[in-house]
Each structure stands twice: as structure tokens, then as C-alpha cells.
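S.K.: Questions regarding the structure given below will be posed in turn.
No value in this document is a laboratory result; all are computed from the given coordinates. Since this is a predicted model, take the numbers as computed values, not measurements. Heads up, the Cβs are rebuilt from the backbone with ideal geometry, glycines too, and the neighbour counts pull from every protein chain shown.
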Amino acid sequence: MLTLCKYVVLKFKKIERLAVLSVLFYFKDFNMRIFNKIVQSFESQAFMKTIGAELDSVEEGKVIISVKLQPSMMQQHGFGHAGVTFSIGDSAAGYAALTKMANHQEVLTSEMKIHLLSPADGKVLKAVGSVLKSGKRLLVVQSNIYSVGDKNEKLVATMLGTMVPSIVEI
């Protein structure tokens, strides 16, 4: 199963529009409604907009989110702040879990643990969220966050957590 969706946010006169660069779908228990639900949910997340995060890829059980590090996102030593690292990691893992849910369900983070492995000294942070175990009541998820520089990409944090399905009120 491969679902590849690459996005870029284009800014024209302070108006952001999500432009689809390429979309390739092979369907296997993954449908457009779930994909559209994730895209719409991501677009409505105020914090992800605030930090300029982008939804790079959506597959069944896997979501990639990236953010270009700005000076306001750095900690006192000039590295990307752990709060930004955690935020995109949590969102990537949560959306990965959402790809496993029925259309009438959402997910909430129940708990999330982070291991900060190395300073985020690149220009971009990239979170790769995935589902380790999908159950009726709990989903175990992970997220690996990479610092991407001009010529290298290094693992800076890994996260492990639990998501809880919730019902959407219609």
C-alpha cells in the first residue's frame, strides 16, 4: 500500500493555499474520506499554522510533518526548541493513528514520551509518525523526528505514545 501526497504552502499576498504537487494512490483499506479528513484537520490546527508546519505525506499508518525552523523557535543555545520537536512529533503520530480510524472517529493523545537524542541544528525538523499497534480502545504510536540540514539528516528525538479513539458528534 502506497499513498504519497506531497504538499507545499504557497503564499500569495498573505493568503495561504495548499497546492497538491503529486498524488499517487494504491487503495488497500484506506479511503479518500480518511485522507481528506486528515488534510482538513491539519489545515484547521491553529498551532501548526502558527509554526508554519507542513503536511508532507499521508499513508495508512504513517504521516510525515515538517517545519522550517525560524529564529523564534530556537532555544538559548541556537538549537531547535524541544517544544517544537514534541509538537510536530505528537501531531504526526496522532494523524498516523487517525488513518486507522473509522470515518466517525477521531483520536486524542493519552500519553506521549519523548527521548531527545541530539540537538536540532538543521534548518528543518521532520517528524515521521507511525502506528505500532492498532486496537479498538488504544493505539500505540511512535514518531521519529529528524533535523534536516543542507547535506545531512539526523535523528534528534524519538517518541512513543498512546492514542485513544473518540467519537465525533455529528
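S.K.: May I ask you to give the average projected area over all directions of the convex hull of the Cα atoms of segment 54-124, in nm² rounded to one decimal?
M.R.: The directionally averaged projection comes out at 5.6 nm².
S.K.: Now for a different question. Quick one: compute a quarter of the convex hull surface over the Cα atoms of segment 39-170 and quote it in nm².
M.R.: That works out to 7.9 nm², a quarter of the Cα hull's surface.
S.K.: Let me ask you something else. So, by mean Cβ neighbours within 10 angstrom, what's the order for 43-55, 90-102 with the highest one leading?
M.R.: 90-102, 43-55
S.K.: Go through LYS100/LYS133; LYS37/LYS62; LYS62/LYS100; LYS126/LYS154; LYS133/LYS154; LYS113/LYS133 and tell me which ones have a Cα-Cα distance over 19 Å in this structure.
M.R.: Pairs exceeding 19 Å: LYS133/LYS154.
S.K.: What order do you get for 34-40, 132-138, 75-81 when each peptide is scored by the mean count of other beta carbon atoms within 10 Å, highest first?
M.R.: Result, highest mean first: 34-40, 75-81, 132-138.
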